[in-house]
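Below you will find the structure I want to go over with you.
The values are calculated or read from the model by the stated rules, or taken from the named source; none is laboratory data. Remember, predicted model here, so these are calculated numbers, not experimental data. Heads up, the Cβs are rebuilt from the backbone with ideal geometry, glycines too, and the neighbour counts pull from every protein chain shown. Only protein heavy atoms, including side chains, enter the accessible area calculation; ligands, DNA and RNA are left aside. Shrake-Rupley method; radii C 1.70, N 1.55, O 1.52, S 1.80 Å.
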Amino acid sequence: MAPRSSSAPPLPPPLPVVDEPSLNDHRTGKSSAKFSVRRKPRLERVACILIKLLSVDLSSNLLSDLPETFSNLHNLKSLSLSNNGLKSLPSSLFKMCLMLTSLDLHNTKITMNILCQIEGWETLTNDVA
């Protein structure tokens, strides 16, 4: 019997392990999640799946835009987008996310002039930062 060749094809690299965020804060019972999402396709997928979220913190994620799918988060009350390179928000965000009362835009390129151009922005009553 001939010896086996030691030049077997290399194994593919292992897939990266991604920790799934905890969606329920057991202390408050509220649905919330903090993500570190650096790729837009993945961010769109997250927004489509997690439509029951009340709070989303995407601070410091090097985001340059927020996908329109975030408008599907109809129960969203708090959205933190600080420390990103955002220049605008989805055009339907304020029309579709009627529960939104807190929006953190610290250290983004979004100004009040930009917000005023988005239909429904005036419904945000509590906290525009």
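Scan segment 83-96 for residues that are open to solvent by less than 60 Å² (accessible area, probe 1.4 Å), in a loop (DSSP other than H, G, I, E, B) and within 15 Å of LEU115 (Cα to Cα) and report the count.
Matching residues across segment 83-96 total 5.
Looking at (1) under 24 Å from THR123 (Cα atoms); (2) touching a Ser or Thr at 6+ places or on another chain (Cβ under 6 Å); (3) at pLDDT 55 or above, can you tell me which one SER32 breaks?
Just one mismatch for SER32, condition (3).
Let me spell it out: the conditions are (1) modelled with pLDDT of 90 or more; (2) part of a helix (DSSP H, G or I), and THR69 meets all of them except one. Which number is the exception?
Here THR69 meets the rest and fails (1).
Going residue by residue through segment 52-60, is there one that turns out to be out of contact with any strand residue (DSSP E or B) (no Cβ under 9 Å at 6 or more places or on another chain) and either closer than 19 Å to TRP121 by Cβ or buried (at least 18 other Cβ atoms within 10 Å of the Cβ) (or both)? Step through it out loud before you land on a result.
Start the filter on segment 52-60 by keeping residues that are out of contact with any strand residue (DSSP E or B) (no Cβ under 9 Å at 6 or more places or on another chain), which leaves 60.
Next, from what is left, pick out any that are either closer than 19 Å to TRP121 by Cβ or buried (at least 18 other Cβ atoms within 10 Å of the Cβ) (or both): none.
Within segment 52-60 (the criterion being out of contact with any strand residue (DSSP E or B) (no Cβ under 9 Å at 6 or more places or on another chain) and either closer than 19 Å to TRP121 by Cβ or buried (at least 18 other Cβ atoms within 10 Å of the Cβ) (or both)), the answer is no, since none of the residues qualifies.
Within the group ARG38, ARG42, which residue is in a loop (DSSP other than H, G, I, E, B), at pLDDT below 90 and open to solvent by 50 Å² or more (accessible area, probe 1.4 Å)?
On the way: ARG42 fails: in a loop (DSSP other than H, G, I, E, B).
The conditions single out ARG38.
Here is a check on your reading of the model: is SER102 within 16 Å of the chain's Cα centre (by Cα) and either touching a residue at least 60 places away in the same chain (Cβ under 8 Å) or more than 16 Å from ASP65 (Cα to Cα) (or both)?
yes
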